[in-house]
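A.B. asks: Next up is a structure, given as structure tokens.
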Amino acid sequence: SDRRGAGDGQNNDNGGDDGMKPPISEISRIDELYPASLDDSAWKDTNTPKKKTGNVTSASSSSAGVILPSEDDETDSTTSADMTIDAELLVGKLIKLYSTTDNQYHTGRIIDWRSAVAPGTDPQQIPDMFYGSDLIASTEFLVRFAAGLNGRKTTLLQWIILEEHSVAVATSTVMALRDKGRGINGWRPAQIMLRSCLELIPLRKLISHEDHFGLACFFCEDAHIYIDLDFESTDFFSRAFEMEKKKRLSCSPLKKPKNHHSQIAMMDMLMSAAALELAEQRRVHEWHLLPLYNRYHKRALTMIDEYSMELTLEQEDPSSTSNTDKESLSEANAKKEKETKPLLCPLIPKKGLDRQWIASRLPLMEGGNSLDVMATIRVGRSLASTCKSGR
């Protein structure tokens, strides 16, 4: 049978195969699984361990949907009932989409969202139009598939409804248990991937719908482990987990293993990779929140994608420079072409300046920070200063 095509059959009450019933989408359970993956209450009192409730207890949600550490781990708590989990939370998150055309997964990033319900639709008919009754089920997400990844030559922007595809969305960045045999040293930074119904069809007899289980994708490793979010996952910024880790390591034998320093270096690399991913999520979400005042702007339809507006240095008119400066610039360019440089990651723009970084260091411009203002930023440098500086 087709790996992705089955699963539309319903359960027969007269002894039918219960395995033919479509599985419950993990994305539709985000209000349960997302808080459970970030809960660190099990690390606050190790003497009397008890099952976690799935509430976020030591973190407060930022505007980018990124969980940041609270000031007081004992008193600052946010229950799942108080959290607002909607489509805005997924902006900036990574997504993996399975394509039947080339039989592989494509990695992208969500950069915007909009309602998929047409204006004037009867609210009572909305649950029958989409798979799922939550707000995310009736939402379209704009996904950017960057050029250079998965065999793509150009960047692709596509609006998709998650439950109509075989997808997995990285909803939270956590510390997860990678190797149970290593104890506290077996925890690694990871992302919890919540999957759609179509993605879960091949595994419908193996997954659990009652407890809080999720797929952990570990940074810098080709490893995906189905873990119990109540016991094997905690907030990436959890102070309680960090204090307990230091406590256990301080009680370990004084004799360190031979690869002790290499393990520390590897852990630093993994933590840095997780921090970079969180920073990219934050900047994408900040760009998404910028308003657009001029609806008739010539780039109104493309400005939502920051990478579509490449910002480079603008040189002055060559006719206004002397012949000496032109010769110096030609020599500098010839020397630069002979240099061998490493290729950048496809997710990193090969050239261009960061508009958000430049805007953060400029005085508040008229109209404030908006997409209109970002589109008007220009950076120039004269040829003479370029030659004299040797850059």
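The values are calculated or read from the model by the stated rules, or taken from the named source; none is laboratory data. If you're wondering where the values come from, they're calculated on a predicted model, not measured in any experiment. A quick note on method: Cβ atoms are made from the backbone with ideal geometry, for glycine too, and the neighbour counts reach across all protein chains shown. Protein only, heavy atoms only, side chains kept; ligands, DNA and RNA dropped before computing areas. Shrake-Rupley method; radii C 1.70, N 1.55, O 1.52, S 1.80 Å.
A.B. asks: For residues that are open to solvent by less than 90 Å² (accessible area, probe 1.4 Å), in a loop (DSSP other than H, G, I, E, B) and among the hydrophobic types (A, V, I, L, M, F, W, C), scanning just segment 221-240, find the one that is farthest from Gln191 (Cα to Cα).
C.D. replies: Phe237
A.B. asks: Against the conditions (1) closer than 30 Å to Ser308 by Cβ; (2) open to solvent by less than 40 Å² (accessible area, probe 1.4 Å); (3) out of contact with any strand residue (DSSP E or B) (no Cβ under 8 Å at 6 or more places or on another chain); (4) assigned to a loop (DSSP other than H, G, I, E, B), where does Arg152 fall short? Just the number, please.
C.D. replies: (3)
A.B. asks: Could you list, in sequence order, all residues of segment 159-183 that are farther than 30 Å from Ala42 by Cα and either touching a His at 6+ places or on another chain (Cβ under 8 Å) or surrounded by 14 or more Cβ atoms within 10 Å (Cβ to Cβ) (or both)?
C.D. replies: Scanning segment 159-183 gives Ile160, Ile161, Leu162, Glu163, Glu164, His165, Ser166, Val167.
A.B. asks: Does Ile184 satisfy the criteria of being in contact with a Pro (Cβ under 7 Å, 6 or more places away or on another chain), touching a residue at least 60 places away in the same chain (Cβ under 8 Å) and not in a strand (DSSP E or B)?
C.D. replies: no
A.B. asks: Being charged (D, E, K, R) and touching a residue at least 60 places away in the same chain (Cβ under 8 Å) is the filter here; which residues of segment 127-163 pass it?
C.D. replies: Asp134, Arg144, Glu163
A.B. asks: Suppose we filter segment 108-145 for residues that are in contact with a Phe, Trp or Tyr (Cβ under 9 Å, 6 or more places away or on another chain), part of a strand (DSSP E or B) and buried (at least 16 other Cβ atoms within 10 Å of the Cβ); how many remain?
C.D. replies: 12
A.B. asks: While we're looking at this one, here's another question. Looking at segment 241-258, can you tell me whether even one residue there is loosely packed, with under 12 Cβ neighbours inside 10 Å, in contact (Cβ under 8 Å) with a residue 40 or more places away in the chain, assigned to a helix (DSSP H, G or I) and not small (Gly, Ala, Ser)? Let's see the steps before the verdict.
C.D. replies: Taking segment 241-258 first, the residues loosely packed, with under 12 Cβ neighbours inside 10 Å are 246-247, 249-258.
Checking the rest, the ones that are also in contact (Cβ under 8 Å) with a residue 40 or more places away in the chain come to 249.
Now narrow it down to the ones that are assigned to a helix (DSSP H, G or I): 249.
If we keep only those that are not small (Gly, Ala, Ser) too, we end up with 249.
Among the residues of segment 241-258, at least one is loosely packed, with under 12 Cβ neighbours inside 10 Å, in contact (Cβ under 8 Å) with a residue 40 or more places away in the chain, assigned to a helix (DSSP H, G or I) and not small (Gly, Ala, Ser), which makes the answer yes.
A.B. asks: Might you let me know whether segment 133-149 holds any residue that is of a type in the set (D, E, K, R) and under 30 Å from Ser238 (Cα atoms)? Break it down into steps so the answer makes sense when it comes.
C.D. replies: Residues of segment 133-149 of a type in the set (D, E, K, R): 134, 140, 144.
Right, trim to under 30 Å from Ser238 (Cα atoms) and you get 134.
Yes - at least one qualifying residue is present in segment 133-149.
A.B. asks: Separate question: Kindly evaluate Leu200 against the criterion of being open to solvent by less than 20 Å² (accessible area, probe 1.4 Å) and more than 17 Å from the chain's Cα centre (by Cα). Break it down into steps so the answer makes sense when it comes.
C.D. replies: Details: open to solvent by less than 20 Å² (accessible area, probe 1.4 Å): yes; more than 17 Å from the chain's Cα centre (by Cα): yes.
Taking the combined requirement at face value, the residue satisfies it.
A.B. asks: Are any residues in segment 235-251 of a type in the set (Ser, Thr, Tyr) and touching a helix residue (DSSP H, G or I) at 6+ places or on another chain (Cβ under 7 Å), and if so, which ones?
C.D. replies: Residues of segment 235-251 of a type in the set (Ser, Thr, Tyr): 238, 250.
The one that is of a type in the set (Ser, Thr, Tyr) and touching a helix residue (DSSP H, G or I) at 6+ places or on another chain (Cβ under 7 Å): Ser238.
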